[in-house]
Structures are given as structure tokens and as C-alpha cells.
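The values are calculated or read from the model by the stated rules, or taken from the named source; none is laboratory data. Just so it is clear, the model here is predicted, and its values are computed rather than measured. We place every Cβ from the backbone using ideal geometry, glycine too, and count neighbours over all the protein chains shown. To get the accessible areas, we keep the full protein, side chains included, count just its heavy atoms, and leave off ligands, DNA and RNA. Shrake-Rupley method; radii C 1.70, N 1.55, O 1.52, S 1.80 Å.
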Amino acid sequence: MRHTLRLYTPIFLQSYAVILCFALIVCIGVRWTDSLDNLFGSYVRIFPFLLIILSWVTVPSLSDWTNAAVGMGARRLHCFWCIELGSLGFCAAQAVAAALVTVFSRSFDAKQLPFLTVPCLLFALLVGLLCGQMALLADCLPVGNVKKLVTTAVFVLLLLVGIFLTVLVGIWDTATALLPYLSAGVLVSVLGVAALYRHRMMLFVVR
């Protein structure tokens, strides 16, 4: 498994670097301009939603790498766990990015940043993890396959629902009170999608 992990590590590190560099640019821009009334301020205001979108955009296409790994004798189960470790690394990178933006935005009025709260950011990280799992599941399905189209459609729907729920957590106190239940539902969904992804990985065929 160590050799398989070494194969995937550079790919994931590139994606982590994109997330962290983006957060640093936003932080530097906000502190340099000392204002939220500009492009950087707009990014800060909607940062939880950007975390969700980044969890989808920065997930690399791993089918070719998995094809190469399995072709060289790697176990499919090892590939699955290496990719899952990489997806947890996405959560860690996003958490660091969220912490950076939160620290750099402390000098501004909290009322200007209703979504930059701990509950909102934590829920966004969970939704981002779910979207990342959906992206991985869609990536391992054959192009043009009906299941791939259905998975992609469900993924887009979950992305929109996740953004909507994150908005509610940020602006509606009742949604904040329901956060443990919403988070539990997202975690169950993550485990379900991960189980489907594991099943697909076990059926992976070298092309």
C-alpha cells in the first residue's frame, strides 16, 4: 500500500496547494485593501460556498492513475483506501484555508460576514466531503454510461442542496439548532457514497 500511496500523493498535493494558495491570496488581498467592498471581500463573504465548490473542482481525475496502479499489480482495495486518505486530506486543507480566512477577517464586523462562522464552515466542510465522494464515484464510471449520467445529476443536485443548507445555517437560527441532525445526515450520505465507490473500485477493469 505504501507504493500505491506514493503514486497518488503528488496528485493530491497539487490539489491541496491550489486550495491553500487560493486562501492565501484572498487573505493577503483583504488585509492589503483593508476592505470587504472589493473582489477579495466578496470571496471572504461566500468562503463556505467556495469550500464546497473547491472540493469538487480540485478533485483530480484519478481513473488513469488507478488504471496504471492496478496494471502494475496494485490491489484495488489499496487504491481505494489511498484515494480515501487523499479525500480526507482535502478536508484538512480546506479546514486550514477556512482558519486562515477567519483569522485574517477578525478585524471586520461579524455582521458583515454571516456565513464566516464555525457552524457554517464545519457544515460546508462536510458537504464538501460529500461532493468530493460523489465526484470520485462519477469519475470511476465509464464515459457515456447511464449510471455516470445519473450519478452526475445527483451530484449536481446535492451540490445545490448543500449550498442552500449552508445558507440557512448562516442566516437562520432554527437551521443552526438543527445542525447536528443535518450533519449526521450528511455523514451517513458520505459513508453511503464511499461504500458505492468501494464497490465500483472492486469492479475496476484495466483498460
Inset, instruction - From largest accessible area down, sort Ser189, Ser61; use a 1.4 Å probe on the protein chains. - result: Ser61, Ser189
Inset, instruction - For a quick protection proxy, order the peptides 80-86, 66-72 by their average other-Cβ count within 10 Å, most packed first. - result: 80-86, 66-72
Inset, instruction - Provide Ile19, Ile53 ordered by accessible surface of protein heavy atoms (probe 1.4 Å), highest first. - result: Ile53, Ile19
Legend entry - Part-to-part distance (alpha-carbon centres) for the stretch 65-81 and the stretch 1-33, which is given in Å: 24
Inset, instruction - Would you mind getting me the FRET efficiency between Ser63 and Thr117? Use the beta-carbon distance for r and R0 = 25 Å, nearest 0.05. - result: 0.10
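How far, in nm, would the chain grow between Met1 and Val206 when pulled straight, counting 0.36 nm per residue and subtracting the alpha carbon separation?
Values: separation 205, 0.36 × 205 = 73.80 nm, distance 1.83 nm.
My answer for the length gained is 72.0 nm.
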